[in-house]
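The values are calculated or read from the model by the stated rules, or taken from the named source; none is laboratory data. All figures in this text were calculated on a predicted structure; none of them were measured in a lab. When we count neighbours, we look across all protein chains shown, and the Cβ atoms used for this are built from the backbone with ideal geometry, even at glycine. Areas reflect the complete protein model, heavy atoms only, side chains present, ligands, DNA and RNA absent. Shrake-Rupley method; radii C 1.70, N 1.55, O 1.52, S 1.80 Å.
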Amino acid sequence: MRTLLILGFGIGLITGLAPSAPAFAQLAGTGDFHIQWEVKNRFRLFRNEADFQRLAVQSRGDGILAQERRLETASDGLGWAKDIVGNLCLDGYGELVDTCTRDGEKESYLNPKDHSVGVSLTGPVPQDATCVWNFDDGDGPVRTNSVPCRQEVRLRVRSGKTTVATVDVPLGDGTAQRVATEIAVRDVLIAGLGDSIAAGEGNPDTAVELDGGFCFRRFFRGVSQYYRPSRAGYTDDRSCEISSVSPTAAREWARHGARWMNPACHRSLYSYQVRTTLALAVEQPHIAVTLVPLACTGATIATGMFSGQRADDCPWVTGIERCSGTAPAQFGELKDIMAAVRKQQPNRNLDMVLLTVGANDVNFAGLVANVIVDSLAERLLLKQGGSISSVADSQAALDEDLPGEFSQLRTALKPYVGGNLNRVVYVSYGNPAMQSETQPCPGGRDGLDVHPAFGADSDRLRAAAQFVENKFLPKLRVLATCDGSKACKDANTERMVFVDSHQQAFARHGMCVRADTDPEFDRNCFSKTGNSFSEDPNTAPDNPMACGEPPSNYQPYMPRGRWIRTANDSYFVAMTYPEGMPAVLKPSDIHDALWGVLSAVYGGAVHPSAEGYAAMADAALPAVRGVLGLTPPPSFSTEALPPPTMSAPPPVPLPAAGAPPPRTP
């Protein structure tokens with residue numbers, strides 16, 4: 001938008017007064033005044049402007065990862081999202097609400113009729129002077145405000161309308177200068193689709209709190225049980241002596257779990273999709289960002305996007321004690337949402353889609369289980385339930401199934417983006433098992449000893465890492481960008497914007513990487529050799545950590561060398577007991593041997609940490625700007641973030657903030 005000085009002979013970027021107005025006189029060098037304006041609380045998922053400002057103040061032009069590290073330190077490692085997750089335009093199940101009260105005003109979330117803006121005057125404003133403001137949207141009466149010239153004026157402006165703002169600035173000699181600008185808020189509608197990486201798995205908005213010991217049984221072992229930290233606040237029996245749990249105890253157990261933006265899908269405010277769109281709102285003062293988050297952990301293209309899927313978790317929120325056990329199909333939800341949008345705006349399309357999907361289609365979780373589950377009894381049971389997959393199995397799915405599923409995905413997306421998939425930003429995965437660009441993690445029990453059956457087999461890990469690096473990730477690029485004669489019917493309209501510039505940095509921050517600056521608890525209590533937990537049956541029920549520290553000392557959101565959650569991290573951050581399990585894998589009670597396995601991985605093992613998702617958002621943001629036709633603010637820094645001191649090779653610097661979007665083939 002342009003700032004204008006109104007003159008008798010026209011409108012232009014010059015100084016002066018309108019000679020036709022008797023109250024004004026033309027003066028030379030009267031002052032370089034400008035009107036500036038911004039949309040307030042412009043990330044519309046947030047109900048409260050204070051939450052938006054709290055994050056915006058930590059954005060200093062050096063990238064989302066740098067901002068995340070500041071926020072982690074400021075929260076003492078407990079995370080910034082815990083104070084915001086209860087103040088979103090979502091219901092208790094984590095679904096969008098039709099009408100959201102934001103800063104005291106009821107708004108339609110999908111079809112806002114107006115936006116709150118702040119307008120102010122810059123320049124050598126006279127001390128204690130009063131300015132007269134006028135706001136004209138062409139429909140109703142002109143709104144007038146007389147306020148101190150240095151005071152911001154708050155008002156609501158019509159969505160889809162241009163409001164002309166003028167201000168008369170007294171100059172102290174009985175004359176005044178008039179300045180004008182146009183205010184036109186652009187509402188950007190963005191859908192977030194995909195799987196657990198799109199949802200933010202591994203990073204609950206409020207992490208679980210742990211203390212004391214909790215007993216789990218074992219399968220067919222000489223040692224029939226073991227202790228790990230329990231959910232803090234759970235006062236029922238923590239031993240393995242009971243064979244079932246009462247409904248009251250089960251509800252109490254659930255109440256002390258982690259909290260997610262959407263429990264059934266483990267959607268999180270830490271997801272790269274939220275962080276990218278939030279950063280866009282922070283840096284672009286003239287837009288309002290309406291995010292439609294639909295990604296769901298465990299989703300495949302067929303089950304999750306085109307059809308419903310089993311829910312991963314249930315809400316613990318007070319007043320909601322049950323959930324349906326299923327999560328709706330993402331395309332079904334998107335269809336309903338766009339129908340509601342188009343009821344008010346018939347020609348409206350999504351401005352953009354953020355998408356990450358495909359890993360579950362090749363059973364990546366089964367590939368991980370094949371690597372980290374070392375005990376024969378657990379391997380046999382998980383294989384019987386279809387939860388273990390070999391590289392050969394995943395390769396077959398990659399070759400035979402994924403291309404056709406991607407073709408269906410493109411067809412389904414087209415109607416929501418005006419037939420042009422150039423408005424879809426596909427953000428690829430990072431390889432979780434690397435310690436350098438050419439070296440996978442060595443294997444062993446480091447980060448995996450939360451369960452006695454876990455231990456990464458070095459050969460299986462190397463094979464999985466090579467499959468991801470050399471087969472899976474390149475295939476995704478081909479499918480998303482139409483880089484191949486058979487990939488797309490019409491590359492001009494079916495080519496997505498592909499983002500993978502974060503992968504080089506992820507290669508230096510895999511799940512085995514440690515840093516000298518890792519939190520003290522990690523360095524003291526997470527053993528590299530797999531001896532993190534007490535095996536003494538006399539002390540473990542009260543003090544489960546071998547280091548003697550209470551589990552509550554773990555800081556889930558602090559900067560670390562690894563950007564990938566280990567199984568230990570997953571347990572300490574989320575300790576999730578999944579709902580959507582096949583019947584053969586349904587545990588009998590919360591001390592069940594299978595719960596011990598699943599609670600260590602279903603909270604996000606081998607998923608990015610909040611830092612990892614922030615790095616993905618840094619990579620995605622330039623592409624998002626390109627799709628939307630936006631430019632970074634002039635003050636945006638282009639300096640790369642210095643890496644922390646690493647015990648593994650140092651990371652490759654992230655792409656500079658504000659760099660141009662990656663070129664699609």
To the nearest 10 degrees, how steeply does helix 330-344 sit against the main Cα axis of the chain, on a 0 to 90 scale?
20
Please list, in order along segment 547-554, the HN-Hα scalar couplings obtained from phi with the Karplus expression 6.51 cos²θ - 1.76 cosθ + 1.60 (θ = phi - 60°), rounded to whole Hz, x for Gly and Pro.
6, x, 7, x, x, 5, 6, 5
Counting every Cα pair in segment 82-180, what percent are over 24 Å apart?
42
Over the chain, calculate the relative contact order: mean separation of alpha carbon pairs under 8 Å at least 6 apart, over the residue count, as a percent.
16
Roll a 1.4 Å probe over the protein heavy atoms and report the accessible area of TRP80 in Å², nearest 10.
0
Under a 1.4 Å probe, counting only protein heavy atoms, ASP592 has an accessible area in Å², nearest 10, of 30
Just read off the accessible area of HIS591 with the full protein assembly in place, 1.4 Å probe, to the nearest 10 Å².
0
Which pairs in the list LYS106/LYS161; LYS40/LYS335; LYS40/LYS161 are over 23 Å apart, alpha-carbon to alpha-carbon?
LYS40/LYS335
Cleavage-rule hits (chymotrypsin sites (Phe, Trp or Tyr not before Pro)) in segment 506-557: DSSP loop, at most 14 neighbouring Cβ within 10 angstrom:
none
Length released on extending from ASP542 to GLN127, taking residue separation times 0.36 nm less the Cα-Cα span
142.8 nm
If one compares the long axis through the Cα atoms of helix 458-467 with the longest principal axis of the Cα atoms of the chain, the angle in degrees, nearest 10, works out at 40
Mind checking which of GLN67, MET352, ALA377 is farthest towards the positive end of the chain's charge dipole, using Cβ charges of +1 (Lys, Arg) and -1 (Asp, Glu) about the Cα centre?
MET352
Given a 1.4 Å probe and heavy atoms of the protein chains only, how would you sort SER146, SER120, SER501, largest accessible area at the top?
SER146, SER501, SER120
Lys, Arg +1 and Asp, Glu -1 on Cβ, resulting dipole of the chain about Cα centre, debye, nearest 20:
1340
What FRET efficiency would be calculated for the residue pair ASN492, ALA232, taking the C-beta separation as r and a Förster radius of 41 Å, to the nearest 0.05?
0.15
In degrees between 0 and 90, to the nearest 10, how far off the longest principal axis of the chain does helix 272-283 point, with axes built from Cα atoms?
20
Counting heavy atoms of the protein chains only and a 1.4 Å probe, report the per residue accessible area for the chain as a whole number of Å².
39
Starting with the highest mean, order 167-174, 190-197, 277-284 by the number of other Cβ atoms within 10 Å, averaged over the residues of each peptide.
190-197, 277-284, 167-174
Ignoring everything except DSSP H segments at least 4 long, calculate the 222 nm mean residue ellipticity for the chain; use -39,500 (n - 2.57) per segment, divide by total residues, nearest 500.
-7000 deg cm²/dmol
Dmax and Rg, reported as Rg then Dmax, of segment 329-395 (C-alpha, Å):
19.8, 59
Quick check: at a probe of 1.4 Å, how many percent of the accessible area of segment 436-502 sits on carbon and sulfur atoms?
43
